[in-house]
Amino acid sequence: MTVEEYLAIQKRRVDSYLDSYLLPEEVKPTIIHRAIRYSVFSGGKRFRASLCIAANDAFGGDKESIIPVASGIELIHTYSLIHDDLPCMDNDDLRRGKPTSHKVFGDNIAVLAGDALNALAFELVARSGDCRLITILARAIGTEGMIGGQVADVESNGQSDIALDDVEYIHSRKTARLITASLEMGAVHAGADPEYRAVIRKYGVGIGLAFQIVDDILDIESSKEVLGKDIGSDEDNDKATYPKAVGLSRSKEIAREIIEESIDCLGVLTVDTGILRALAEFVIRRVY
Ligand code: GRG
């Protein structure tokens, strides 16, 4: 099975679960349920959900009860994208090839759709009955995690020079923390030993950072048609990116080095890490 096929299978499972969980569009207030469904089913890769499932499966976890957890993680991710696109953040008009939430429903409903997804995500993770998963997720997206990274990102906008350490600080929080949490939640759900969890975290920190570096590169080198969003947005917003700090070709080298280190660190595990390795490789060659 190719990694693309693996991702497609997990996407179908997660989307089907979310479709049965999320309220229908006809439920009042209809606009919020339409807005939620519009963004959730707009075509994401479900990469974070797939990482969670892959970690769970690698450590022999239950293959069904991980699905609500993985689905909840995707709701957090969707909430972050809706808010990230807002005029007060990156002010983007296009996401996953469609007009952004605030363009369709207005800023107020887009903010509320993001807030609602944040709450719904925790309901789904709580279905595991394991409050360790809730804690991992809450810490990952809080002020020392995703929100902290986003704050540093917003504050760095418009700076003409950016140090590599500062971009690494931003990327390892705004993007890598949720990716790391996705993996750790899968490993914990499966009952993995603490030393194995530490290995999975290290792998997650690496692939999470590389994922955002590749995102920076795609914002320069890809196209609106392939990426499903306007390119050049980082430059327009004078954002802190790896290419801005160290140039495009060094950014590619760094991303490749980090991915190789992440794959290497899986070597100490005695379980089958084939899918995790393939997902790490996917990070470096993804085109959207
Ligand atoms: C305003 C309260 C408030 C919170 C904002 C916006 C935000 C919190 C955090 C932003 C974090 C963020 C959007 C990081 C970008 C991560 C990233 C690389 C997104 C693209 O991920 P993909 O490629 O997207 O997995 P798909 O569409 O495939 O799901």
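The values are calculated or read from the model by the stated rules, or taken from the named source; none is laboratory data. Predicted model, so just to flag it, every value in this text is computed and none were measured. As a convention, Cβ positions derive from the backbone with ideal geometry for all residues, glycine included, and neighbour counts pool all protein chains shown. Please note that ligands, DNA and RNA were not included when accessible areas were found on the heavy atoms of the full protein model with its side chains. Shrake-Rupley method; radii C 1.70, N 1.55, O 1.52, S 1.80 Å.
Each residue in the range 68-77 was checked for being away from the ligand (no atom under 16 Å from the Cβ) and either of a type in the set (Ser, Thr, Tyr) or surrounded by 24 or more Cβ atoms within 10 Å (Cβ to Cβ) (or both), and 1 pass. Screening the range 157-192 for residues that are open to solvent by 10 Å² or more (accessible area, probe 1.4 Å) and farther than 21 Å from residue 251 by Cβ and picking the one that is farthest from the ligand (Cβ to nearest atom) gives 191.
Filtering the range 131-154 to residues that are without any contact (Cβ under 8 Å) to a residue 12 or more places away in the chain and more than 16 Å from the ligand (Cβ to nearest atom) leaves 131, 135. In summary, helices (runs of 4 or more DSSP H) completely within the range 136-190 and bearing 2 or more residues that are among the basic types (Lys, Arg) occur at 164-174. With the structure loaded, tell me whether residue 19 is of a type outside the set (A, V, I, L, M, F, W, C), surrounded by fewer than 22 Cβ atoms within 10 Å (Cβ to Cβ) and within 12 Å of the ligand (Cβ to nearest atom) or whether it fails that test. In short, no. Taken over the range 103-134, the residue count meeting the criterion of being open to solvent by 60 Å² or more (accessible area, probe 1.4 Å) and β-branched (Val, Ile, Thr) is 1. Taken together, the criteria place residue 114 among residues that are in contact (Cβ under 8 Å) with a residue 12 or more places away in the chain and within 12 Å of the ligand (Cβ to nearest atom).
Within the range 52-66, at least one residue is among the acidic types (Asp, Glu), within 26 Å of residue 177 (Cβ to Cβ) and crowded, with 18+ Cβ neighbours inside 10 Å. The single residue among 128, 50, 42, 80 that is within 12 Å of the ligand (Cβ to nearest atom) and not in a helix (DSSP H, G or I) turns out to be 42.
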